[in-house]
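A short worksheet on the structure shown next.
The values are calculated or read from the model by the stated rules, or taken from the named source; none is laboratory data. The model shown is predicted, which means the values in this text are computed figures rather than measured ones. Don't worry about glycine lacking a Cβ; one is built from the backbone with ideal geometry, like all the others, and counts go over all protein chains shown. Just so you know, the surface numbers come from the protein's heavy atoms only, side chains and all, with ligands and any DNA or RNA stripped out. Shrake-Rupley method; radii C 1.70, N 1.55, O 1.52, S 1.80 Å.
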Amino acid sequence: VRPGVHEMSNMIVINDLHNYFGTIEAVKGVDLAVEKGEVVAIVGPSGSGKSTVLRCINHLELPTSGSVTIEGVNLEDKGTDLNEVRAEVGMVFQQFNLFPHLTVLDNVTVAQRKVRKRSKDEANEIAMQQLTRVGIPEKADSYPGQLSGGQQQRVAIARSLAMNPKIMLFDEPTSALDPEMIKEVLDVMLDLAEAGMTMVVVTHEMGFCRAAAGRVVFMDEGQVLEVDSPDVIFSTPSHDRTKLFLSKILAH
């Protein structure tokens, strides 16, 4: 990790991260620091370790070795309250993970009431603010099964935002969506980026990377091969593997 990387402006510091699944090393010594308010996109072929790195940030996956520090708190330290740290980190997955038997409003309030200990009225008010922010306040009384995939994903984003996270992690949030629904989700994410949310996004959406990311991280076979601004990565990538990947993905 570069000198000065532990300064307080860094929300996330990943240091020499290794992760094994059985005998397979999925992540091979990743270093990455993300500053407050920065949007970092992680791109690369399937199986390159992108999602594993993301899931290690909030300890959905445990690193085999190395460390993850969030706002100066090392998640590997024995005394760290992981639930406390996780409460500051929102996560949006490829699948929406909504409760099918609860209304949209209840989906957005349940964690607020359990984790943030908010009253029903306060949780409802915050839920409506966030549903408005993602553009679907009129769906509050609907059930997930009555919504399109894009609407369900926006509910999932609203649910995370209602917890007032300091960091948002997105794991291929549009890959399960029909093409015409992708834009409505990316637009919400662009708004978040413009509002200064610290974000780490694993994505195949290169247009989003160009529009919103401060830096793009290219991973292959468990390693970070290249980190640079979108302009540099897309126009003059330095690594042959990056060039090959982008030539395939940008040709579509």
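With Cα atoms defining each centre, the stretch 24-103 and the stretch 191-237 are spaced 16 Å apart in the structure.
State which stretch of the chain is the longest one without any exposed trypsin sites (Lys or Arg not before Pro), exposure meaning a DSSP loop state and at most 11 other Cβ atoms within 10 Å. Intermediate values should be presented prior to the final figure.
Numbers: sites that count: LYS78, LYS117.
The segment 118-252 is the longest one with no such site.
For the stretch 115-170, report the % of Cα-Cα distances exceeding 13 Å. Show your work: numbers first, answer last.
Details: 917 of 1540 pairs.
Beyond 13 Å sits 60 percent of the P(r) for the stretch 115-170.
Orientation-averaged projection of the stretch 106-250 equals 9.7 nm² [convex hull of Cα atoms, one quarter of hull surface area].
Can you give the Kirkwood hydrodynamic radius for the stretch 1-93, in Å, rounded to one decimal and based on Cα pairs?
One decimal place: 13.7 Å for the Kirkwood radius.
Extending 7 Å from the Cα toward the beta-carbon at both VAL115 and ASN164 defines two label points whose distance is 1.4 nm.
Each principal axis of the Cα atoms in the stretch 168-252 has its own extent, and those three values, largest first, are 33, 28, 24 angstrom. Using a probe radius of 1.4 angstrom, the carbon and sulfur fraction of the accessible surface of the stretch 45-97 is 45%.
Considering every Cα-Cα pair within the chain, what fraction, in whole percent, is farther apart than 27 Å? Cα-Cα pairs in the chain separated by more than 27 Å: 37 percent.
Could you compute the net charge surrounding SER148? Neighbours are other residues with a C-beta less than 11 Å from the C-beta of SER148; K and R count +1, D and E count -1. The partial results should precede the final answer.
Numbers: positive: LYS139, ARG154; negative: ASP178, GLU180, GLU184.
With Lys, Arg at +1 and Asp, Glu at -1, the neighbours total -1.
Label-to-label distance for ALA211 and ILE249 is 1.7 nm, based on points extended 7 Å past Cα in the beta-carbon direction. Along its three principal directions, the equivalent ellipsoid of the stretch 155-196 from the Cα gyration tensor extends over semi-axes of 19, 12, 9 Å, largest first. Extension gain, GLN223-LEU62: 0.36 nm per intervening residue step, less the Cα-Cα distance, totals 56.2 nm. Accessible surface for the stretch 12-170, divided over its residues, is 44 Å² per residue with a 1.4 Å probe.
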